[in-house]
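Report on the structure given below.
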Amino acid sequence: MIFGFNTDVKHGDTIYHVQSEAHEGELLLQSQVFVRGRCIGKKATSYAAKAAEAQFGDAQKEQQLREQHRLVLDAIREGKLDNVLDHPEAEALAAVKELDVQWLSAESVHADRNLTMQLRVTEGGAAAAGARLTSRFTRPGSSPIYNQAVADSNGAAEIKIEVEEAALADSSLLVQANYQGRTTTKKFSLRKAD
């Protein structure tokens, strides 16, 4: 008898697909976890020791597989997937990490009436070359200023806004990065230098 379970579960912004099935020839119950069609890890349990027992049949295999499937789903919901996988592949797990925007020049950003921000966009720690950034600079009593930039091959981008330094004290900057269908937004608070 062939049986299995397929479930999609979301944690954060990531949708995980968990596929569990019995591999009769290998006497294994296996759960595989996929993100965007790529397998990021497996959990396998051998039932070879129980296979010879008369009372261990398809119903027992199905129940054991159901429990393993639920264990993997619960681990994803709790953010502890790597605790249940047999051999998590570090590179594959890194690939599902969030898209991130880092502010590289936070110490020195205002000169010659311009606010200049050096940013870096990464996905799973790797440069997100070609990521599109849209910024929204807001300050009290004025209309927002929008700006756009595209990250270079290192994931780096520069946003430059003409503004007086005195206006920075109560200002904020919202930066949204779009990369391969994924989006992240970061809010940066600004202040006038002391």
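Bear in mind these aren't lab numbers, they're just calculated from the coordinates by the rules spelled out. Given the structure is predicted, the values throughout are model-derived calculations rather than measurements. Cβ placement follows ideal geometry from the backbone for every residue including glycine, while neighbour counts extend to all protein chains displayed.
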Along its principal axes, what span do the Cα atoms of the range 4-95 show, with the longest given first and each in whole Å?
45, 21, 20
Computed over the chain: longest principal axis from alpha-carbon atoms vs helix 58-77 long axis, angle to nearest 10 degrees, is 10 degrees
Between Thr7 and Arg36, what length comes free when the chain is fully extended (0.36 nm per residue of separation minus the Cα-Cα distance, one decimal in nm)?
9.1 nm
In the range 122-180, what GluC sites (Glu not before Pro) fall in a loop by DSSP, with at most 12 other Cβ atoms inside 10 Å?
Glu164
How big, on average over all directions, is the shadow cast by the Cα convex hull of the chain, in nm²?
14.2 nm²
Proximal charge balance of Val175 [Cβ under 9 Å; K/R count +1, D/E count -1]
+3
Which parts of the range 123-159 would a label at Ser105 reach, counting a residue when its backbone N lies under 15 Å from a point 7 Å out along Cα-to-Cβ?
148-152, 156-159
When 1/r is averaged over all different Cα pairs and the result inverted, which Kirkwood radius in Å belongs to the range 99-189?
13.3 Å
Run the quick spin-label model on Ile145 and Gln60: label points 7 Å from Cα toward the beta carbon, then report their separation in nm to one decimal.
7.3 nm
